[in-house]
Structures are given as C-alpha cells and as structure tokens.
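Just below is one structure, and these are the notes that go with it.
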Amino acid sequence: MTRTLLVVLSKLVSGANIRWVGCAPDVRQRIYFANHTSNLDALVIWASLPSLVRELTRPVAARDYWIKDPLRRHLANKVLHAVLIERKKPTVHDNPLADMLAALGDRHSLIIFPEGGRQTATEMMPFKAGLFHLAKDRPDVEFVPVLIDNLNRILPKGEFLPVPLLSSVSFGAPIKLEAGEEKTRFLERAQAAVKALRQS
Amino acid sequence: MNLKLDKQTFWLVGGVLALLVVSSLIGWVLSLRTAGDQGRATIQNLNARIRAWWMMVAIFGLAMATGGIGSVVLFGLTSFMALREFITLTPTRYGDHRSLFWVFFIILPLQYYLIAIKWYGLFSIMIPVYAFLLLPIRSAAAGDCEKFLERTAKIQWALMICVYCISYVPALLSLDIPGYAGQNGKLMFYFVLVAQISDVFQYVWGKILGRHKIAPTVSPNKTWEGFIGGIACATLIGAGLWWATPFTPWQSAGMSLAITFMGFGGGLVMSAIKRDRGVKDYGNLIQGHGGVMDRIDSLCFAAPVFFHLTRFFFT
C-alpha cells in the first residue's frame, strides 16, 4: 500500500521518462550504478523499475541521512528495504562493502551511487572504489550504468519542496570487469558509461 | 457556472464525433493501402494522432459536461503540464528554485481560481503585473546574478504562455454577452474547434500539396500551401458554425480568420523555441503529437486575442 503510493507519487513528481537504452528490465541480479544529484535519485530509480524487478532491488543509502527521523527510518527499512551504510567512518565491523555484499545475497539487486555524496557541480565526481570491489567479488552480477537527468532541478540539494519538472532515467548496456583490469581504469570506464547515456 | 446543454451543443459535439469517425475510417483505409517505409511511417503517425484526438475530445467533452468548473480544472491541469514541459526545456538555476515553486503552486492555481470566480479585473493583470514584479524580487533575493535577466525573462515567458494565455480559454465562459447568457460553453467549443481544425488542415494540406516552405530554418513542415489551405478551410468551417456563436456568418468568418492566424503564429514561435533548444517536441505525453505544449501552441496565441476581440465587440 505505502509502496504503491510511493511509486505513484515519485512518478508524478519526477515526471520521469524511463528509457531502457542498453538493456531490458530483468529479474537477474544486477547492480545499478548512477550519478547522484538529488535526494530523490534512489527513490526515482527504484520506482522506475517494473514491480517484479523492484521487489528484488534494494537502494544503498547513507545511514546518517536515513535514520534522522522516524518517517525516513520507516521509509528506508519498511518500504524501500534500503541497505543503510556508514559513509563517514567505515571500520572493520562497519564496512559498507561487506554490508552491500551481504545485501546482494543470491537474489537481490542493488542501486548504488559511486560518487558518494550528492553533487551540485555539473561535472560528475570520480567514482569511489567500492564499485570496483563489488565487481571483483561478484563477477556473476551485471553492472548497469544509469543516468539520471534533470532531477537536481526538481529537488536540488538543500531544498525540501520539489518543483515538478520532467526528468529522465536511462539504463545503459551492462559493463564487466575485464580480466586483469586495474581499479582506476574500471572506475573511469564505468563513469564514461554513465556519461555516454546523455547522448543516447 | 451553469452551462445549458442545448440542441446546438449536441450538433457541435455530434459533428466532431462524426468527423472523428470519418477520419478514423480514412486512416484505416490508408493503412491498408499504403506501401513503402516512409509512407507507412506517415500513416502510422496520422493514426496515432487520430487516436489521440479521440482521447482529447473525450476529455474535453467530459469537462464541458460538468459545466464551467470542469473546464477550469481541465485547462488548469493543461497549463500545469505545459509549464512543466516548458521549464524543463528552459535552463534555470538553483537560485530560481523558490520562484519556480511559487509559479507552479501559487500563481498557477490562483490564476485559475480568479478565472473560476470570473474576476476579470484581476485575472487579466495578475501575471503581467504582480507575478512579473514579484518573481524577480524572489530570484534576486536568492543571490545568484548569473544570467539574471535571461532567467527572469524565461520564467515570465513560461508563465505568460503556459498559464496566462491558456487560461483565456476557460475565461471565455466568464464573458457576459447580451442574448447569449448560459451559452458560453458553445463559444469555447467553437474556439477550440476552429484553432485545432486549422492545425489539422494545415498538416493535411501541407502533407498533400506542401512545396514552398515559409520559414525553413524554423519549421520545415510549415508550407505556404498548408498555411493557405488550412486557414481557408478552418475559416470556412468557422463561418459555417456561426449559429452556435453570438456572431453573424461574416463576423464568424472574421473571428475564425483571427484565430487561425494567431494559431499559426503560435506554432511558428513555439517551433523557434524548440529549434533553439535543439528538440523536436516538448514532451512525449500524447502519442503522435509529442507533448501537451506541441498540441496547444496555437490555442496559447489565439485565446487572448479571441477573448479580447469578443469582449470588445460583443459585450
């Protein structure tokens, strides 16, 4: 019930045009990695997946943001089934990578934002290493680049009232970690795959 | 706002439905007889347009049937969607966020509220005076000076076109025309019909005979043949519908001419904006038509002129 409402609401507010450019929706295990510009990003990508796929897909989000008040906690835990990770002070016991791998299990998919925080600059920030480690540990999972466009104008950083413009979510062709590929090379390639969706 | 549903209204609605049935049949026959990829694509687009017309006529009919308030709500929503498409294509900056919030959630609903209570004195100046002055104040207070005049102008333009001009369509219901009380719904129907049928005939004549482009850099689809054929047909149809309006046949022809001219101009201007922004359509909401803005560009430009001509000469 709350889930349906949230999906409808986020589709209405974001007016998202959903484009499957490089792959088709599928229930196989995937990691969707996207640029991060707005608080709505995770919600809108999650809502734009077909319901069968959505059931299996969990957004990865910053714990400090999502446990701030009861409403966010409820949304993160009960509705989105978010994987909440520590981004400020990761320790051996509180390791985002281990949490993500555990959440992935053998049937779930994840939505992650490898830039780390939300960006106000127009250029994307370099991707963090987590994406590379995930790719190395789970070669069986598909890594799907996702480009979110215009959502930062709908709800920019620091604002709480959305302006209902139209946005788009584009899903690109999955990429793979090549044999012997270096970390920086892979991360650059992943980012290029997201950027390339702007022209498609 | 109670609108009478009289015999003439039924003739108007029946005529439009008959027209749709005929066009659907023509579209079906053409789809069976056309060969070649390009021809087939054109016919597919034509049929998608006809299907969308059924939908749009159904929605418009429903709004008319609920009396004035349904029409105000319908055009309010139309404004909302057009504005959303327009601002999406218009680069604004972070400093405009709060102003844009006002535009969507305060100014737009207020404008249609003023239309609903028929407060001509305020709905005719609220956006050109108050929104025009207050919005830049809000944007300036946000402290971002980069391209300030450009951004302010774009937001004001979006408001004028998408909200102010479109709101003149349901505003037709507020006109007090002697001897025509309670019949304004027909006037609105007449206006929308003439403006839209002019678009349709321009498209059809342009496809059949179009050779000489009017403004190739702006819109390759607008040809002199389409323009003249479309305007002539729509004006004839408009003149033939005089019985549903407060006009004589000649007056009705003149009004239709004004509507079609302004409608053509609207299409041209909105094409120029699309061309500048590097897109073909404003959106993808309506199958075959693009976005809402693509469908109503002619209404935007024609509605205020038709309203004020009618108000000046007939009230």
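In the full protein assembly as shown, how much of B:Cys145 is accessible to a 1.4 Å probe, in Å² to the nearest 10?
B:Cys145 exposes around 110 Å² with every protein chain in place.
At 222 nm, what value in deg cm²/dmol follows for chain B if DSSP H runs of at least 4 each add -39500 (n - 2.57) and the sum is divided by all its residues, to the nearest 500?
On the way: 13 runs with 219 residues, N = 315.
-23500 deg cm²/dmol, from helical runs alone.
Need one value: the accessible area of B:Cys233 in square angstrom, 1.4 angstrom probe, rounded to the nearest 10.
Solvent-accessible area, nearest 10 Å²: 30 Å².
Between B and A, buried accessible area summed over both sides at probe 1.4 Å, in Å² to the nearest 100? Write out the running numbers ahead of the final one.
Details: alone 15810 and 10470 Å², together 24890 Å².
That pair of chains buries around 1400 Å² in total.
How large is the charge dipole for the protein assembly as shown, taken about the Cα centre, if only the Cβ atoms of Lys, Arg (+1) and Asp, Glu (-1) carry charge, to the nearest 20 debye? Provide the component values of the computation, followed by the final result.
On the way: 53 positive and 34 negative charges, 34 e Å.
It works out to roughly 160 debye.
In the neighborhood of A:Glu178, defined by Cβ-to-Cβ distances under 13 Å, what is the net charge if each Lys or Arg adds +1 and each Asp or Glu adds -1?
Working: positive: A:Lys136, A:Lys176, A:Lys183, A:Arg185, A:Arg189; negative: A:Glu181, A:Glu182, A:Glu188.
With Lys, Arg at +1 and Asp, Glu at -1, the net is +2.
By its C-alpha gyration tensor, with a ≥ b ≥ c as the square roots of the eigenvalues, how is chain A shaped: rounded for a/c under 1.5, else prolate for a/b larger than b/c, else oblate? Kindly include the intermediate steps, with their values, before the conclusion.
Numbers: a/c = 1.36, a/b = 1.18, b/c = 1.15.
It is rounded, given that a/c, with a ≥ b ≥ c, falls under 1.5.
At 1.4 Å probe size, put B:Glu146, A:Glu159 in order of accessible surface, largest to smallest.
On the way: B:Glu146 100, A:Glu159 25 Å².
Most to least solvent-accessible, the answer reads B:Glu146, A:Glu159.
Can you pull the percent of region A:2-196's accessible area that's carbon plus sulfur, 1.4 Å probe, other chains left in place?
58 percent
Would you please give the FRET efficiency between A:Lys11 and B:His212, computed as 1/(1 + (r/R0)^6) with r the Cβ-Cβ distance and R0 = 51 Å, to the nearest 0.05?
Computed FRET efficiency for A:Lys11 and B:His212 comes out at 0.70.
Among all the lysines, which ones have a C-alpha under 16 Å from B:Lys7's C-alpha, if same-chain residues fewer than 8 places away are not counted?
Output for B:Lys7: B:Lys186.
Using the Cα gyration tensor of region B:154-268, with a ≥ b ≥ c the square roots of its eigenvalues, what is the shape: rounded (a/c below 1.5), prolate (a/b larger than b/c) or oblate (neither)?
Details: a/c = 3.13, a/b = 1.36, b/c = 2.30.
It comes out oblate by the Cα gyration axes.
What does the charge count around A:Val60 come to, taking other residues whose C-beta lies under 11 Å from its C-beta (Lys +1, Arg +1, Asp -1, Glu -1)?
Numbers: positive: A:Arg58, A:Arg63, A:Arg87; negative: A:Asp99.
Its environment carries a net charge of +2.
Express the carbon and sulfur contribution to the solvent-accessible surface of chain B as a percent, rounded to the nearest whole number, probe 1.4 angstrom. Kindly include the intermediate steps, with their values, before the conclusion.
Values: 10460 of 15110 Å².
Whole-percent figure for carbon plus sulfur exposure: 69.
Please give the solvent-accessible surface of A:Ile175 in Å², to the nearest 10, using a probe radius of 1.4 Å with every protein chain present.
For A:Ile175, solvent-accessible area is about 20 Å².
What distance in nm separates the simple spin-label points at A:Leu71 and B:Val129, each placed 7 Å from Cα in the Cβ direction?
With each label placed 7 Å out from Cα toward Cβ, I get 3.8 nm.
With both bridge residues required to lie in region A:2-196, what share of the DSSP beta bridges run antiparallel, to the nearest 5%? Walk me through the numbers on the way to the answer.
Numbers: 5 of 23 bridges.
In region A:2-196, DSSP labels about 20 percent of beta bridges as antiparallel.
Round to the nearest 0.05 the FRET efficiency obtained for B:Cys145 and A:Lys157 when R0 = 25 Å and r is the Cβ-Cβ distance.
Details: r = 20 Å, r/R0 = 0.81.
With R0 = 25 Å, the Cβ-Cβ based efficiency is 0.80.
Return one whole number: the accessible area per residue of the protein assembly as shown in Å², for a 1.4 Å probe. All intermediate terms of the calculation are to be shown ahead of the outcome.
Values: 24890 Å² over 515 residues.
About 48 Å² of surface per residue is accessible.
Based on the alpha-carbon gyration tensor of region B:66-174 and its eigenvalue square roots a ≥ b ≥ c, which shape applies: rounded if a/c is under 1.5, prolate if not and a/b is larger than b/c, or oblate? Don't jump to the answer; show the numbers that get you there.
Values: a/c = 2.65, a/b = 1.91, b/c = 1.39.
Note, shape of region B:66-174 comes out prolate.
Tally Lys/Arg at +1 and Asp/Glu at -1 over every other residue whose Cβ is under 12 Å from the Cβ of B:Leu172; what's the total?
+2
Can you work out the FRET efficiency for the pair B:Val22 and B:Arg277, with r the C-beta to C-beta distance and R0 = 30 Å, to the nearest 0.05?
Details: r = 37 Å, r/R0 = 1.22.
Calculated value: 0.25.
Order A:Lys11, A:Lys89 by their accessible area, 1.4 angstrom probe, all chains in place, largest first. Intermediate results must be reported in sequence, preceding the final value.
Details: A:Lys11 90, A:Lys89 145 Å².
Ranking A:Lys11, A:Lys89 by accessible area, largest first, yields A:Lys89, A:Lys11.
Under a 1.4 angstrom probe, counting protein chains only, how are B:Asp294, B:Asp6 ranked by accessible area, largest first? If you can, show how the numbers build up before the last one.
Working: B:Asp294 15, B:Asp6 40 Å².
Sorted by accessible area, descending: B:Asp6, B:Asp294.
Sequence neighbours fewer than 8 away in the same chain don't count; with that in mind, list the aspartates and glutamates whose C-alpha is under 13 Å from B:Lys213.
B:Glu225
Excluding residues fewer than 8 places away in the same chain, name every one of the lysines whose C-alpha is closer than 29 Å to that of B:Lys207.
Here the lysines satisfying the reach criterion relative to B:Lys207 are B:Lys222, B:Lys274, B:Lys280.
The values are calculated or read from the model by the stated rules, or taken from the named source; none is laboratory data. These figures come from a predicted structure and were not determined experimentally. Virtual Cβ from ideal backbone geometry, glycine too; neighbours counted across all protein chains shown. The protein model used for the area step is the full one, side chains on, heavy atoms only, and it has no ligands, DNA or RNA in it. Shrake-Rupley method; radii C 1.70, N 1.55, O 1.52, S 1.80 Å.
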